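Visitor: First the structure, then my questions, so here it is.
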Amino acid sequence: MKKLSILVLVLSLVLISGSAFAQNDMMTSGEWFIGANYDLGGSMKDDVDSYDVDAGFSITGEYVMPYRDKMSLGGGITYQLPRGVEGTDIPTNSEFNFIPLYGLVKYDLEEGAYVVGHLGYNLFNGNDEFVAGGELGGGLYYAAGFGMNLAQFNNLEDMNVGLMYSVNNGTHTGEDEVDVSYSKLSLTFNYNF
């Protein structure tokens, strides 16, 4: 809980400082985005093995505000719907999910394209089969991707589509503490409201 409190404080400072340092003539106001991601499976690794992860969906909320020139800063949260993991030593019906809280930097390119990076902290959850009597702990989250605003298409100026590679880290403590890393590629769909 202490790590989560520190992360919330850091994200708040990023948002406040971005607002304070933004140039008034460039600063209009922040924008809220809500999105859905299709996570193309991926893999989960621990200290010894690697496992295949089922495809799944995630729901994202972000606040993004202009900073300087073509750069924007913001923060967000993503909720991954639980997904299955497969391996010879993984119990049947094991499911897990991460909930990353993060700061973001977005840089606008030409023709509505952009690149974006995330850095934050994950909450790590799993069902009883996945946890197997142990405990789960959160860890570092980071992601990078690119996207495109669909303004060139009629009536789609509030929509963005993109591709994002992300890594969720956490720990599983049973007899020993094991570091867990889940990496995936996602198709992202965001709506500005």
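The values are calculated or read from the model by the stated rules, or taken from the named source; none is laboratory data. As the structure is a computational prediction, the values presented were derived from the model and not from experiment. When we count neighbours, we look across all protein chains shown, and the Cβ atoms used for this are built from the backbone with ideal geometry, even at glycine.
Visitor: Among the residues of segment 136-176, count how many are out of contact with any His (no Cβ under 9 Å at 6 or more places or on another chain) and more than 18 Å from Glu110 (Cα to Cα).
Guide: 16
Visitor: Of all residues in segment 151-175, count the ones that are of a type in the set (A, V, I, L, M) and buried (at least 16 other Cβ atoms within 10 Å of the Cβ). It would help to see each step written out before you state the result.
Guide: Kept after step one, since they are of a type in the set (A, V, I, L, M), are these residues of segment 151-175: 151, 156, 159, 161, 163-164, 167.
Still in the running and buried (at least 16 other Cβ atoms within 10 Å of the Cβ): 159, 164, 167.
The number of residues fulfilling the criteria is 3.
Visitor: Restricting to segment 135-165, name every residue that is assigned to a strand (DSSP E or B), farther than 21 Å from Trp32 by Cβ and among the small types (Gly, Ala, Ser).
Guide: If the condition is that a residue be assigned to a strand (DSSP E or B), farther than 21 Å from Trp32 by Cβ and among the small types (Gly, Ala, Ser), then Gly137, Gly139, Ala144 are the ones that fit.
Visitor: I'm checking my understanding of the structure. Among residues of segment 84-108 that are aliphatic (A, V, I, L, M) and at pLDDT below 95, which one is nearest to Val167 (Cα to Cα)?
Guide: Val85
Visitor: Shifting gears a bit: Which residue is farthest from Lys184 (Cα to Cα), if the candidates are limited to segment 67-91 and must be touching a helix residue (DSSP H, G or I) at 6+ places or on another chain (Cβ under 6 Å) and part of a strand (DSSP E or B)?
Guide: Tyr67
Visitor: Now for a different question. Report, ordered by the first and then the second residue, all pairs with beta carbons closer than 8 Å, sequence separation of six or more or different chains, a first member in segment 84-108 that is at positive phi and surrounded by fewer than 17 Cβ atoms within 10 Å (Cβ to Cβ), and a second member that is of a type in the set (S, T, N, Q) and not in a strand (DSSP E or B).
Guide: As it stands, the answer is Asn93/Asn127, since those pairs meet every condition given.
Visitor: Let me ask something else about it. May I ask you to verify whether Tyr67 is within 23 Å of Glu157 (Cα to Cα), loosely packed, with under 14 Cβ neighbours inside 10 Å and modelled with pLDDT of 90 or more?
Guide: no
Visitor: So, in segment 46-59, exactly how many residues are in a strand (DSSP E or B), over 16 Å from Asn93 (Cα atoms) and at pLDDT below 95?
Guide: Selection size over segment 46-59: 1.
Visitor: Could you list, in sequence order, all residues of segment 125-150 that are surrounded by 16 or more Cβ atoms within 10 Å (Cβ to Cβ), in contact with a Pro (Cβ under 9 Å, 6 or more places away or on another chain) and polar (S, T, N, Q)?
Guide: Across segment 125-150, the qualifying residue is only Asn125.
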